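Below is one structure, written out as structure tokens, with a few remarks after it.
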Amino acid sequence: MPVAAEDRLLQLQSQALAEEEAAKARGELLVRFLKDKLAKEEHSSALSLHKLTAQWRAVLREVKEKELREDIAVLSQAFARVLDCKDSVIESLVTDVEEAEAQHARALGSHLQNIDRLLQLQRCRLACLQEGFDAQLKALEAEFETERKAILEQHEEEIRYLQDVVLALEQNYARDNHEATLNFQSARDDIKSKSLQEKQYSRLQLSGKMEGLWEQFRAAMQGYAEATEHQKTAFEGLKQKDEKSSREIEMQAKKLQKLQDLVAATKALLAAQLRDNEERNRRAREEKEAVLRRLQELKNKMNQARAEAHDNLARLTAQSNAALKALARVVGKAERILRLAEMCRRLETEGEKVLPFYPSSLAEGELFDADRVLKEEPAEPLAQALQDYVGLERFWQRFNKARLEEQALARELAAVSHQNQRLRGLLQQYLEGLSVSPEVLSKPNNPLLAIEHKSRVPRFPPRPRPQL
């Protein structure tokens with residue numbers, strides 16, 4: 001029965017491996033088919049995009065050529081006007097320079113005269129200061145000489161006094177040193193004599209005590225030898241018996257130790273063999289279990305890899321389709337942007353064609369601060385995201401300019417509409433004044449009852465056009 005179960009298990013494993021190989025072959029065939037399809041689609045899309053780009057470039061070249069010819073004509077006219085303005089400005093500047101040079105010459109002459117007068121006054125002032133300085137210097141020299149003589153005399157007196165003091169100190173030191181030396185020698189001689197006398201007295205006392213103690217020791221030694229003679233002989237006999245017994249005990253102990261060592265070695269050998277057999281069996285079981293686990297893990301990994309490859313292939317196909325759709329949308333958006341740019345180009349004025357970007361209203365320091373802030377590394381996430389759209393700065397300038405013009409035109413339209421309504425009201429009043437009807441006569445501001453002969457039409461001052 002166990003052999004049949006193992007055969008059945010092997011048969012099932014071989015069937016599972018065959019099914020896995022077949023599934024793997026089908027997956028590889030599907031992957032190859034999808035890769036070929038993706039390569040063909042990429043090739044066809046690249047070819048179509050190349051053709052579309054070539055046709056679009058030809059159209060753009062024609063349109064750009066017309067625009068450049070028109071721009072060159074406009075620029076030539078603008079350049080001629082600017083050149084005339086510059087010539088007139090240069091002529092006016094030349095006249096201003098000549099007048100400025102004449103004024104500078106007159107101012108230089110008056111300045112040199114003033115400098116000469118100031119130099120004369122400065123020379124007189126320096127002469128007076130030099131005289132005062134010389135007088136003060138002589139007075140200071142005389143005072144210095146008197147003080148110097150007094151200081152030198154006082155210094156000599158102090159030197160003589162210090163020499164006398166030093167001589168007296170040396171004499172006192174020599175006298176004190178001689179007296180201290182004499183006292184030290186006398187004290188040393190007294191101490192030496194006292195120590196010699198004490199040493200001789202101690203030696204005599206110790207020699208007497210040593211002789212008495214030696215006699216006592218010899219007497220005690222002789223008494224002890226006489227008293228322990230019998231015990232000494234008995235001790236010698238017991239000592240020999242003890243040595244013989246100890247040798248026999250030692251021999252028996254050695255034999256017993258050898259037998260115990262042999263028994264312990266035999267037990268240790270048996271235990272080691274048992275442990276080795278158990279360890280081998282355990283390692284064999286663990287290796288078997290590890291091989292089975294490894295086989296199962298490899299099967300699971302293979303299945304996961306196949307599932308992931310299938311998912312990746314499906315995802316790649318979906319992403320390629322989405323990319324194609326996104327590219328189509330981008331191309332459509334680009335075509336729409338180009339059409340709108342062409343329409344905006346047709347609606348531009350000659351001034352906008354020459355100067356498409358209005359000059360900045362900021363001062364030079366403000367422009368420098370703005371450039372410095374733009375060059376700094378942004379710290380906020382929104383500012384970092386805006387760094388990706390720096391290339392659209394010109395577009396936003398033109399867009400803002402268009403928005404400003406739109407707002408200005410809307411305000412101007414509102415003002416004109418309001419003025420038109422007021423003019424309509426005044427015209428209505430004028431027409432009502434020309435016709436006589438009950439409705440006109442019933443109104444409180446009847447123009448037929450006006451006494452003052454003044455025009456009721458207000459005089460509107462000319463309204464300046466808003467500047468952009």
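Could you figure out which of (1) open to solvent by less than 100 Å² (accessible area, probe 1.4 Å); (2) modelled with pLDDT of 85 or more; (3) more than 50 Å from the chain's Cα centre (by Cα); (4) closer than 30 Å to R329 by Cβ isn't true of E62?
Looking at each condition in turn, E62 falls short on (1).
For segment 5-14, check the following and say yes or no: at least one residue is polar (S, T, N, Q), at pLDDT below 85, surrounded by fewer than 12 Cβ atoms within 10 Å (Cβ to Cβ) and closer than 29 Å to A318 by Cβ.
Looking through segment 5-14, none of the residues is polar (S, T, N, Q), at pLDDT below 85, surrounded by fewer than 12 Cβ atoms within 10 Å (Cβ to Cβ) and closer than 29 Å to A318 by Cβ.
Of the residues L52, L108, which single one is modelled with pLDDT under 85, surrounded by 11 or more Cβ atoms within 10 Å (Cβ to Cβ) and not small (G, A, S)?
Being modelled with pLDDT under 85, surrounded by 11 or more Cβ atoms within 10 Å (Cβ to Cβ) and not small (G, A, S) holds for just one of L52, L108, which is L52.
Filter segment 395-404 for residues that are within 23 Å of L338 (Cβ to Cβ), open to solvent by less than 100 Å² (accessible area, probe 1.4 Å) and more than 39 Å from the chain's Cα centre (by Cα) and give the result.
Listed by number, the residues that qualify are K401, A402.
Test each condition in (1) touching a residue at least 24 places away in the same chain (Cβ under 8 Å); (2) more than 54 Å from the chain's Cα centre (by Cα) for L34 and report the one that comes out false.
(2)
K239 - would you say it is open to solvent by 100 Å² or more (accessible area, probe 1.4 Å) and either polar (S, T, N, Q) or assigned to a helix (DSSP H, G or I) (or both)?
No.
Could you tell me whether A309 is within 30 Å of E20 (Cα to Cα), among the hydrophobic types (A, V, I, L, M, F, W, C), in contact (Cβ under 8 Å) with a residue 60 or more places away in the chain and surrounded by 10 or more Cβ atoms within 10 Å (Cβ to Cβ)?
Yes; evaluated as a whole, the condition is true for this residue.
The values are calculated or read from the model by the stated rules, or taken from the named source; none is laboratory data. Predicted model, so just to flag it, every value in this text is computed and none were measured. Virtual Cβ from ideal backbone geometry, glycine too; neighbours counted across all protein chains shown. Accessible surface areas use protein heavy atoms only, side chains included; no ligands, DNA or RNA. Shrake-Rupley method; radii C 1.70, N 1.55, O 1.52, S 1.80 Å.
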